[in-house]
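S.K.: Below is the structure I would like to discuss, written out as structure tokens.
Just so it is clear, none of the values below were taken in a lab; they were calculated from the coordinates. Because the structure is a prediction, the values reported are computed rather than measured. Here the Cβ is made from the backbone with ideal geometry for all residues, glycine too, and neighbour counts use every protein chain on show.
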Amino acid sequence: MTDCGCDKAKAELEEYLHRELSQQDFADITEHLENCPACRDEALVATTLTAVIARACKETAPEQLRDQVLAL
């Protein structure tokens, strides 16, 4: 494997996190993240943000609030 570099890792980070890359590209970015603290930190922020948004999307408004909004 070869280190893909910061530019490629950052450009394909979203696809990497969703496992939408070829096996080789995924392996190259994984290797880069293991050796690059800056890109690893960026991946951690993206992973955390994605998890928080996913959790927030699962929440539902209280029934009383929904009724008030729909009544408008």
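S.K.: What number, rounded to the nearest 500 deg cm²/dmol, is the helix-based mean residue ellipticity at 222 nm of the chain, given -39500 (n - 2.57) per DSSP H run of at least four residues and division by all its residues? Don't skip to the end; give the middle numbers.
M.R.: Details: 5 runs with 55 residues, N = 72.
Value at 222 nm, helices only, nearest 500: -23000 deg cm²/dmol.
S.K.: Might you list the cysteines of the chain that have no disulfide-compatible partner by the rule of another cysteine's Cβ under 4.7 Å?
M.R.: 4, 6, 57
S.K.: Using the Cβ atoms and a cut-off under 9 Å, what net charge is assigned to the surroundings of residue 25, where Lys and Arg are +1 and Asp and Glu are -1? Walk me through the numbers on the way to the answer.
M.R.: On the way: positive: 8; negative: 12, 15, 28.
Taking every Cβ under 9 Å from that of residue 25, the sum is -2.
S.K.: Charges only on Cβ, +1 for Lys and Arg, -1 for Asp and Glu: so what's the dipole of the stretch 1-48 about the Cα centre, in debye to the nearest 20?
M.R.: 100 debye
S.K.: Would you work out which of 23, 54, 6 lies farthest towards the positive end of the dipole of the chain? Charges go on Cβ: Lys and Arg +1, Asp and Glu -1.
M.R.: 54
S.K.: Ok, one more. Would you kindly state how much longer the chain becomes between residue 21 and residue 66 on full extension, computed as 0.36 nm times their sequence separation minus their alpha carbon distance, in nm to one decimal? Don't skip to the answer; put the middle values down first.
M.R.: Values: separation 45, 0.36 × 45 = 16.20 nm, distance 3.99 nm.
Between residue 21 and residue 66, full extension yields an extra 12.2 nm.
S.K.: Here's a follow-up. When you count, for each residue, the other Cβ atoms within 10 Å and take the mean per peptide, how do 53-65, 18-30 rank with the highest first?
M.R.: Ranked from most to least packed, the peptides come out as 18-30, 53-65.
S.K.: Now, a different point. Got a sec to turn the phi values of the stretch 45-62 into Karplus ³J(HN,Hα) couplings, 6.51 cos²θ - 1.76 cosθ + 1.60 with θ = phi - 60°, whole Hz, x for Gly and Pro?
M.R.: 4, 5, 5, 5, 4, 4, 5, 5, 5, 4, 5, 5, 6, 7, 6, 10, 6, x
S.K.: Roughly speaking, what is the centre-to-centre gap between the stretch 25-72 and the stretch 1-24 when only Cα atoms are used, to the nearest Å?
M.R.: Here the two parts' Cα centres lie 18 Å apart.
S.K.: If you scale each eigenvalue of the Cα gyration tensor by 5 and take the root, what three semi-axes come out for the chain, rounded to whole angstrom and sorted largest first?
M.R.: Each semi-axis is √(5λ); the values are 39, 12, 8 Å.
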